[in-house]
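Take a look at the structure below.
The values are calculated or read from the model by the stated rules, or taken from the named source; none is laboratory data. Being a predicted model, the structure only gives us computed values, none of them experimental. Reconstructed Cβ throughout: ideal geometry from the backbone, glycine too, with neighbour counts over all protein chains shown. We work out accessible area using only protein heavy atoms, side chains counted, and drop any ligands, DNA or RNA first. Shrake-Rupley method; radii C 1.70, N 1.55, O 1.52, S 1.80 Å.
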Amino acid sequence: MSHLLPSSALRIFRFDDIDDFRQAVEKVQIKFTPLARRISSTQAILSLPGCNINVVSSFPRILDGQLVPGCTAIGFAMDDRLPLVMNGRKVEVTFLAIGHGGGGYTALEKDALQFASLMFMPEVRDRGWPDPGRDFAIFAMEVAAQQRLRALLLDVLEFASASPDDLNLPGVADGIRESLLTAIDQAFASLARPRPDMSLHTARSLEIVRKIEDLVAANLRSPVYSGELAREVGVSVRTLHNAVREHRGTSLHRYLRLKRLWLVRQRLREGDISVKACALAHGFWHLGEFSRSYREQFGEPPSVTLARAR
């Protein structure tokens, strides 16, 4: 049954400032830490009854995502540049990812890349697609199947842009959704080869990284250090280091320092604290070194961030 769509069914967002970036994709909760000073990011979102289409031009970042209940997500690359590590694995260009409500993933996007995600509501459980289990599962699909998915998605977005009023005609939105479901059916039916299930080691290290994120999130106003994290998680500092290296692509020390710098920036943008007080509160006792690190990471001194906020 077709539904009347709002005139703004196709929305396009553009961001050139990491402080202004907001993940506008519905049905997925996103937390990220940027790895770039400046960004040029776009998001195209087409909202249809029972299906949201999202195409994102991203930027270097560390990312955690979790689907809300009641939906199924399908993800794949829209270009051939894919410096991506997902759930601790280097992902091939022809990847096809699937996750159901509550499923999560971690990702390390080493460079700018473009990818698509399709959110189906309610969950799709009746088409014979692989069961991803608790978290997202990744498969390597055939190149031809990937090309069909890419072309179909671009055709849909072009149609929505050129003929937005036609989306309200009876049967159009339902027909688009069915075309997408059929293309995904074909992609799963002709998988080049399935990725092996996540190993116990990778699953354990992923759980460790998630506990780190939860602890950092619970202490946004104060720094969390490696020894404290190890005690809270119940593992050695070396195990923490190995888990972060696997899923974040960097050392534990550098990752925690990056997280603290990002928290400082977010705090400074509230405008009600001095640079010195903010730096000290987040464990940066050497103010000269802190200022250099901040400038290297964000391309400006912390005083400029604070002045702009005020």
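The table that follows gives values for the structure above.
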read-out	value
Shape call, segment 13-160: gyration tensor on alpha carbons, a/c limit 1.5	rounded
Non-local Lys pairs in the chain, i.e. 8 or more apart or on different chains, that have alpha carbons under 21 Å apart	8
Relative contact order %, the chain, counting alpha carbon pairs below 8 Å whose residues are six or more apart	16 percent
Cβ-placed point charges (K, R +1; D, E -1), dipole of the chain about Cα centre in debye, nearest 20	1500 debye
Anisotropy class of segment 96-172 from Cα gyration tensor, a/c 1.5 cut	prolate
Helix axis angle, 200-217 relative to the chain longest principal axis, alpha carbon, degrees	60 degrees
Degrees between helix 287-298 axis and first principal axis of the chain (Cα, 0 to 90, nearest 10)	20 degrees
Two-site label geometry, residue 80 and residue 308: point separation in nm, points 7 Å out along Cα→Cβ	3.7 nm
Amide H contacts of residue 113 (H built 1.01 Å from N, under 5 Å, at least 5 apart or other chain)	58, 59
DSSP-defined beta bridges in the chain - what % are antiparallel, rounded to 5	100 percent
Residues with amide H under 5 Å from that of residue 142, placed H, sequence gap 5 or more	192
Accessible area per residue in Å² at 1.4 Å probe, computed on segment 90-209	47 Å²
With all protein chains modelled, accessible area of residue 296 [1.4 Å, Å²]	130 Å²
Relative contact order of segment 47-118, defined on C-alpha pairs under 8 angstrom at six or more residues apart (%)	49 percent
Residue 158-residue 110 pseudo-label distance in nm [points 7 Å out on the Cα-to-Cβ vector]	3.3 nm
Accessible carbon and sulfur surface of segment 88-242 relative to its total accessible area, %, 1.4 Å	52 percent
Prolate/oblate/rounded label for segment 51-94 (Cα gyration tensor, a/c 1.5)	prolate
Value of relative contact order over segment 68-152, rounded to a whole percent, pairs C-alpha under 8 Å and six or more apart	39 percent
MRE, 222 nm, helices only [DSSP H, n ≥ 4, -39500 (n - 2.57), over the chain, to nearest 500]	-12500 deg cm²/dmol
Ordering of 256-262, 301-307, 185-191 by burial proxy (mean other Cβ atoms within 10 Å per residue, highest first)	256-262, 301-307, 185-191
Amide H contacts under 5 Å for residue 124, placed H, 5+ residues apart	72
Helix 237-248 axis, angle to the chain major axis (alpha carbon atoms, nearest 10°)	40 degrees
Label-reachable residues, segment 287-310, where backbone N falls under 14 Å from a point 7 Å from residue 272's Cα toward its Cβ	310
Volume per residue that the Cα convex hull of the chain spans, once the total is divided by residue count, Å³	136 Å³
